[in-house]
Every structure is written in structure tokens, then in C-alpha cells.
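K.L.:
Below: one structure in C-alpha cells.
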């Protein structure tokens, strides 16, 4: 069992790769009252075109397949369902699908062995009977309708649709009603056989437990199962143009205050010689300084009653581009957008601002080890983005440079903008 130590923090993650390829990351914290278990699959909503080993042609599956498969994993041949079993243990079970992966998670404070074994068993024992698939299709259809009537879902997914031309972020994680009509038991079985192999999965365990006990449970469980040979998975790469697909959309919905989200696509070529980890940290720092809770712009927007409360800035570093987005509630769309554009065009970070954000980042880094869910999320993000834990993250925070952060800031442009606005229903 390998120890991965976060340098400068004296916090340890235990790591093991099993013979079947399954990777296990464990962060024990005896001060925690509970434990968190996540069984993750590197299969998300964007993975709709793929091939294995020496196959010449790509297999295409409908949008929403990964999410449908996540739902289907809770079906059982007989006996209790996963929800019922974990409920009997007093545990909380959940699952979710993102653009890039699917996660099955359990949180509890007792019955560690039982929780871990059953998590492994139900995810590795799928049921794909046509009857159960048809039943699940009806449930997902209702979920899609719910998204269509939820302003925040419409805002976020609508903006992604308008922002992208080719990139699979364009499409709903759940798929549309038309998409899920095309998903069959055979579709789900094919994707399960390809993506749900242990070599394409990883476990993250955090909280109050013994790593030695956990690894023993996992090894025994996996040794008792037969798996097909590993396959090399190739996902089809799509080039995303830097231009947005649609610069503006407005939709009326039943909201008390209109909702606005604006996003900018910036070519990654503008951030040459900066690796993705450092770029994310610099962008986070810039957004915190200029749009965060103590920023001058936020104070101005609230004082002038242009927004009722916070701005919500975010960034994504994707394959072909960087996305910067800001989300808020406002009845003064044009005034707010003008101020945001002006701020983004004239970013200049002072040494005082940089030093303040560095201290804040370092303090937050140490504090986040008190939250086992945050630690798990960080591990998952690192594994998905880099294939390993970023153990030198503290050094990144300490070594932020004024010249470099301003170089990143100067590369931000607002030429490729997309706006989504949800206005109140006219009376």
C-alpha cells in the first residue's frame, strides 16, 4: 500500500492498484464521525462515441446513456434494492452522473464492512431486463420534465447548449425524451461491459475507518469475482470551435427575480506555458479577487441595487478552451452585463490582492481536510483530470507570481460571449 503525502500538510492518502486494475484511494480521518465511500466510473454523459482495442469503427450511443445506466444500476433481480438495503443499515446512498464520470456514493457512521461490500456488489451486478429498462425510462422521462420546469437547470443547461457547437457539454446529461427512447437493454449492457470494468473505475474512501481493514475487504471482494480481459477504450475526440453557437437566449419562466448567466469561451492557446493545474488556480484567484464576496464590483452591484445578493463566478478548463461564467439574479440585465464586461476587459491584480488571496487559499487548503466530502471531491477531480493526486498543490498556492497572474488576466477576452436570461412571465 503506497502512501501519498500532501507536501507541507502532513496529510496522507493511502493508494493501492488491484490486479484487476481497480484503483483505491483512502483518506482516513479518525476525528470524523462518519465515513464516505464513492465507487466511480470514468463514464460520463459526454462519452457517446467510443471503440475498444483494435476496433476500426466507433460505437455511437444516444445522449443520456451514462445517466440511464446509473439509474439502471439500482434495479435488482429479486430481494431488496440498494436503497432498501442501505436504509436498513441507517446509511445514505446516492448516485450521480456528470459530463465526465458516474459516481455511486454511501455515507454512514457504522457497519463499514457491510456498506463497502454491498456498494461493490450492487454496482458490479447489473440488471438489464427489457421490462426494468422500460420502467426506468418512465422515471427518467419524469426527471427530464422536472428539469425543463426548473429555472436553474434551464439556465445552466441552456447556456451550455448555446455556448458549444461540437463539444458534448452542449447536451443534457440526462438526454432528451427523444434520446432515451433510443436506449435499450442492449445499449446499456454494451456500455456496462466497456466502461464498468475495474480498470476503468476507482474507489475513494474518506473519514473514520481503517485503511488496512478497508483494503482487505476490497481485495477479498474483488478476488471472488470474474471479470473479462481489460480493454483499451478510445473516446472520439471532437474539436470545438472558439465561436459560440448562439450569443443570446431569453426565456420566460415562473421566477420571482429574473436569472442571468453569461459565459465566455477563451482559446487555450492564449495560456501557453501554463499547465492546467496552475491555470485553474490563477483563474480561481482572479475570479475571487474581481467577482468574489469581498470584490469592489459585487459591492457596487449590491449598493446600486442591480442585484439582490451574490455573483457566482466559475471557470472550466476544457480540451479546446477555457470557460469563464458568472451567474446572478437581476432585473437590470444590460447594466449588469456592461459592468461585468468592463471588469473583464480591465483586470489588473495588485501585489496586495495576490498576497491576500494566497493566504486565503493556503488557509482554506488546511481547513478543507476537516470535511471528508471535500477531500473526496478533490481526490476525484485530481484522478479524473490528471490520473493521480496532485500532492504539491500547496506549493502551487505559495508560488503564485504577480507577473504570471496578470499575464493570465490579460489573456482573458470577451469576444466569444453567450448570455442566457430567464425573465419573469409577463402578466
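The values are calculated or read from the model by the stated rules, or taken from the named source; none is laboratory data. The structure displayed is predicted, hence computed values, not measured ones. A quick note on method: Cβ atoms are made from the backbone with ideal geometry, for glycine too, and the neighbour counts reach across all protein chains shown.
K.L.:
Keeping to the range 165-183, report how many residues are buried (at least 17 other Cβ atoms within 10 Å of the Cβ) and outside any helix (DSSP H, G or I).
P.N.:
7
K.L.:
Next question. Go through the range 228-243 and give me each residue that's surrounded by 15 or more Cβ atoms within 10 Å (Cβ to Cβ) and more than 10 Å from residue 166 (Cα to Cα).
P.N.:
231, 233, 235, 242
K.L.:
Sticking with this one: Scan the range 418-427 for residues that are in contact with a helix residue (DSSP H, G or I) (Cβ under 8 Å, 6 or more places away or on another chain) and either exposed (fewer than 11 other Cβ atoms within 10 Å of the Cβ) or closer than 22 Å to residue 283 by Cα (or both) and jot them down.
P.N.:
418, 419
K.L.:
Ok, one more. Would you mind stating whether residue 12 is touching a strand residue (DSSP E or B) at 6+ places or on another chain (Cβ under 7 Å), closer than 21 Å to residue 374 by Cβ and surrounded by fewer than 18 Cβ atoms within 10 Å (Cβ to Cβ)?
P.N.:
yes
K.L.:
Next question, about the same structure. Suppose we filter the range 255-303 for residues that are without any contact (Cβ under 8 Å) to a residue 60 or more places away in the chain and farther than 22 Å from residue 381 by Cβ; how many remain?
P.N.:
Total meeting the criteria: 16.
K.L.:
Taking the range 369-391, which residues are modelled with pLDDT under 95 and more than 23 Å from residue 41 (Cα to Cα)?
P.N.:
Scanning the range 369-391 gives no hits.
A quick yes/no check of all residues on (1) in contact (Cβ under 8 Å) with a residue 60 or more places away in the chain; (2) assigned to a strand (DSSP E or B); (3) surrounded by 19 or more Cβ atoms within 10 Å (Cβ to Cβ); (4) outside the structural domain of residue 208 (by TED's automatic domain parsing):
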position: 314; (1), (2), (3), (4): no, yes, no, yes
position: 366; (1), (2), (3), (4): yes, no, no, yes
position: 379; (1), (2), (3), (4): yes, no, yes, yes
position: 397; (1), (2), (3), (4): yes, no, yes, yes
position: 403; (1), (2), (3), (4): no, no, no, yes
position: 409; (1), (2), (3), (4): yes, no, yes, yes
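K.L.:
On to the next question. Out of all the residues in the range 225-254, which are closer than 22 Å to residue 387 by Cα and free of Cβ contacts under 8 Å to residues at least 60 places away in the same chain?
P.N.:
229
K.L.:
Residues in the range 203-224: is at least one surrounded by fewer than 19 Cβ atoms within 10 Å (Cβ to Cβ), touching a helix residue (DSSP H, G or I) at 6+ places or on another chain (Cβ under 7 Å) and free of Cβ contacts under 8 Å to residues at least 40 places away in the same chain?
P.N.:
Within the range 203-224, not a single residue is surrounded by fewer than 19 Cβ atoms within 10 Å (Cβ to Cβ), touching a helix residue (DSSP H, G or I) at 6+ places or on another chain (Cβ under 7 Å) and free of Cβ contacts under 8 Å to residues at least 40 places away in the same chain.
K.L.:
Shifting gears a bit: Output the number of the condition that residue 294 fails; it satisfies all remaining conditions of (1) part of a loop (DSSP other than H, G, I, E, B); (2) surrounded by 14 or more Cβ atoms within 10 Å (Cβ to Cβ); (3) out of contact with any strand residue (DSSP E or B) (no Cβ under 7 Å at 6 or more places or on another chain).
P.N.:
(2)
K.L.:
Same structure again: Looking at the structure I just gave you, is residue 358 exposed (fewer than 15 other Cβ atoms within 10 Å of the Cβ) and either touching a residue at least 12 places away in the same chain (Cβ under 8 Å) or assigned to a helix (DSSP H, G or I) (or both)?
P.N.:
In short, no.
K.L.:
Being under 17 Å from the mean Cα position of the chain (by Cα) and under 15 Å from residue 45 (Cβ atoms) is the filter here, so list the residues in the range 143-160 that pass it.
P.N.:
Listed by number, the residues that qualify are 153, 156, 157, 160.
K.L.:
In this structure, is residue 285 surrounded by 19 or more Cβ atoms within 10 Å (Cβ to Cβ) and not in a loop (DSSP other than H, G, I, E, B)? Walk me through how you get there before you give the answer.
P.N.:
Details: surrounded by 19 or more Cβ atoms within 10 Å (Cβ to Cβ): yes; not in a loop (DSSP other than H, G, I, E, B): yes.
In short, yes.
K.L.:
Return the residues of the range 152-164 that are surrounded by 15 or more Cβ atoms within 10 Å (Cβ to Cβ) and either more than 21 Å from residue 101 (Cα to Cα) or in contact with a strand residue (DSSP E or B) (Cβ under 6 Å, 6 or more places away or on another chain) (or both); say none if nothing qualifies.
P.N.:
Residues satisfying the conditions are 154, 155, 158, 159, 162, 163.
K.L.:
Continuing with this model, one more query. Which condition does residue 96 not pass, out of (1) surrounded by fewer than 17 Cβ atoms within 10 Å (Cβ to Cβ); (2) touching a helix residue (DSSP H, G or I) at 6+ places or on another chain (Cβ under 8 Å); (3) assigned to a helix (DSSP H, G or I), if it passes all the others?
P.N.:
(3)
K.L.:
What's the total number of residues in the range 20-56 that are closer than 22 Å to residue 212 by Cβ and without any contact (Cβ under 8 Å) to a residue 12 or more places away in the chain?
P.N.:
Residues meeting the conditions: 0.
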